[in-house]
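What follows is one structure encoded as structure tokens, with my remarks underneath.
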Amino acid sequence: QVQLVESGGGLVQPGGSLKLSCAASGVILSTATMYWDRQAPGKQREFVAVITRGGSTNYVASVQGRFTISRDNAKNTVYLQMNSLKPEDTAVYYCHLGLPYDVWGQGTQVTVSS
């Protein structure tokens, strides 16, 4: 059974940093595409970042240059390093394993506020 467990969320001041982790079991992450998505209060869930099997990455424009998605194959974990955080980054962040698995983590709350 494929499972994703997220961690690393919390409360941070504007301009601060957080690093989210998504640890996988039941699948080798280097063989799959992994996404980070987020859902802010009252808004639809949106794409944030992706890393492919080959290690290519892509980001939504609003986080380009501030967020970095990466993968540690030895730990079977994907990360989202978030720098220069803004209040509008406040959301529940989810890691999402792409097809054919289509598995979501439980989500981790990120709150950016002074």
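Side notes on the structure shown:
- Partners of residue 43 within straight-line reach, counting aspartates and glutamates whose Cα lies under 13 Å from its Cα and excluding those fewer than 8 residues away in the same chain: 88, 89.
- Charging the Cβ of each Asp and Glu at -1 and of each Lys and Arg at +1, and nothing else, the dipole of the chain about its Cα centre rounds to 140 debye.
- Ranking 65, 40, 21 by how far each Cα lies toward the positive end of the dipole of the chain (charges on Cβ) leaves 65 at the top.
- Gyration tensor verdict on the range 25-89 (Cα atoms; rounded if a/c is under 1.5, prolate if a/b is larger than b/c, oblate otherwise): prolate
- Note on the chain: semi-axes of the ellipsoid equivalent to its C-alpha gyration tensor, largest first and rounded to whole Å, are 23, 14, 13.
- Relative contact order of the chain, pairs being alpha-carbon contacts under 8 Å that are 6 or more residues apart, as %: 37
- Among residues other than residue 103 with Cβ under 14 Å from its Cβ, the summed charge is -3 (Lys and Arg +1, Asp and Glu -1).
- Rounded to two decimals, the Cα-based Rg/Rh of the range 65-114, with Kirkwood Rh, is 1.02.
- With DNA, RNA and ligands ignored, accessible area of residue 52 (1.4 Å probe; Å², nearest 10): 50
- Chain lengthening between residue 74 and residue 99 when straightened (0.36 nm per residue, less Cα-Cα): 6.8 nm
- Extending 7 Å from Cα along the Cβ direction at residue 66 and again at residue 44 yields two label points whose distance is 2.2 nm.
- The fraction of accessible area contributed by carbon and sulfur in the chain is 48 percent, rounded to a whole number (1.4 Å probe; ligands and nucleic acids excluded).
- Full-stretch length increase - residue 1, residue 33 - with 0.36 nm per residue and alpha-carbon distance subtracted: 9.8 nm
- Solvent-accessible area per residue for the chain (1.4 angstrom probe, square angstrom): 52
The values are calculated or read from the model by the stated rules, or taken from the named source; none is laboratory data. Please read all numbers here as calculations on a predicted model, not as lab measurements. Because the Cβ atoms are built from the backbone with ideal geometry, glycine has one as well, and the counts that use them run over all protein chains shown. What goes into the accessible areas is simple: the full protein's heavy atoms, side chains included, and nothing from ligands, DNA or RNA. Shrake-Rupley method; radii C 1.70, N 1.55, O 1.52, S 1.80 Å.
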